[in-house]
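Here the structure is laid out as structure tokens; the discussion comes afterwards.
Derivation of every value follows stated rules applied to the coordinates shown; laboratory data play no part. The shown structure was predicted, so the numbers you read here are calculated from the model rather than taken from an experiment. Cβ coordinates were reconstructed from backbone atoms using ideal geometry, including for glycine residues, and neighbour counts include every protein chain displayed.
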């Protein structure tokens, strides 16, 4: 393929415009799709827009599943010195920046680490330039484009081009480094490798004479070093609807041989794009290979719920899961 990354992942850098709402600032690899309403629909309604900054930071990032893709979202504030177009906002009012990456569901295991790397890249390298790019983007709407405005637009395009090239390099480096040769029997790992190969990513250098059973994908539980494994520390073993009591039962397992302390368990529901919390409790100690059952009420006329496990000490997201009652009911009936 000429550009395998176009099929592999999309990266969106967006900002909150005080007059127009959330606006795409940069899209990689195809900028032209920002005017495609169907393509941008999951971005427009992504729940990250409707969470307060403190909430989104505590949850590390927010995910949305839509038509075979998972959209990982992260929000942060960036420096600003531009004149705002709404009363009550100062030049120094920070810019609200949203990073969203989309991956096919077959590769959603890559999302945690990839959005962290891209967010760090944007924050560390371009924090003091983003507002200037936003200024140049707003300048496009000017009816009369003076030489000064034209220069602003040109400078903004140059910075955007540089950011997109950095994103490209980060993605290519990441996808080429997450594949490791190691014993594994996971079908999902094999599936991910197959997907990469079908999309034009060269995986021959890690296969050699081995079969797929000797291929290993990265481990999101490790922050440093080059050794990775796929298994997550926590896994939802079973989800059940108890219709008589209108309750949702969620069975979760600690897959490790490690004790976890101070684990926050949250269940929220989404209504009109806003999250409302219906469970928030702390597990003082979660023993190795222990399974815990969480019971939550089912809210009338609400079909979508979000389940979170968060380590309170460092606000690290250990597990997130979107639960759709309609889908769950169909699976149970089958």
Task: Relative contact order for the stretch 234-333, counting Cα pairs under 8 Å that sit 6 or more residues apart, in percent - done: 27
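Could you tell me the calculated FRET efficiency between residue 143 and residue 290, based on Cβ-Cβ distance and R0 = 51 angstrom, to the nearest 0.05?
Values: r = 65 Å, r/R0 = 1.27.
Computed FRET efficiency for residue 143 and residue 290 comes out at 0.20.
So what is the relative contact order for the stretch 4-176, in percent, with contacts set as C-alpha pairs under 8 Å and at least six apart?
22
Tell me, what is the FRET efficiency for residue 150 and residue 91 to the nearest 0.05, using R0 = 25 angstrom and their Cβ-Cβ distance as r?
Calculated value: 0.60.
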- [ ] Based on other C-beta atoms within 10 Å, arrange 121, 103 from fewest to most.
- [x] 121, 103
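Multiply the residue separation of residue 276 and residue 36 by 0.36 nm, subtract the distance between their alpha-carbon atoms, and state the gained length in nm to one decimal. Write down the numbers at each step before the final one.
Working: separation 240, 0.36 × 240 = 86.40 nm, distance 3.08 nm.
Length difference between fully extended and current span is 83.3 nm.
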Open item on the list: What Kirkwood Rh does the stretch 234-333 have if only Cα atoms enter the pairwise 1/r average? Answer in Å.
Closed with: 14.2
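Taking 0.36 nm per intervening residue step and subtracting the Cα-Cα distance, what contour gain separates residue 249 from residue 262 on full extension? Please list the in-between numbers first.
Working: separation 13, 0.36 × 13 = 4.68 nm, distance 2.12 nm.
Difference between extended and current length: 2.6 nm.
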TODO: Would you mind listing how long the stretch 4-176 runs along its three principal axes, going by Cα atoms, in whole Å with the largest first?
DONE: 48, 33, 31
Task: Burial ordering of 89, 325, fewest other beta-carbon atoms within 10 Å first - done: 89, 325
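Which ordering of 302, 99 is given by a fewest-first count of other beta-carbon atoms within 10 Å?
Details: 302 13, 99 24.
Fewest to most other Cβ atoms nearby, the residues stand as 302, 99.
As an exercise, use a Förster radius of 22 Å and the Cβ-Cβ distance of residue 240 and residue 302 to find the FRET efficiency, rounded to the nearest 0.05. Intermediate results must be reported in sequence, preceding the final value.
Working: r = 17 Å, r/R0 = 0.78.
My answer for the efficiency is 0.80.
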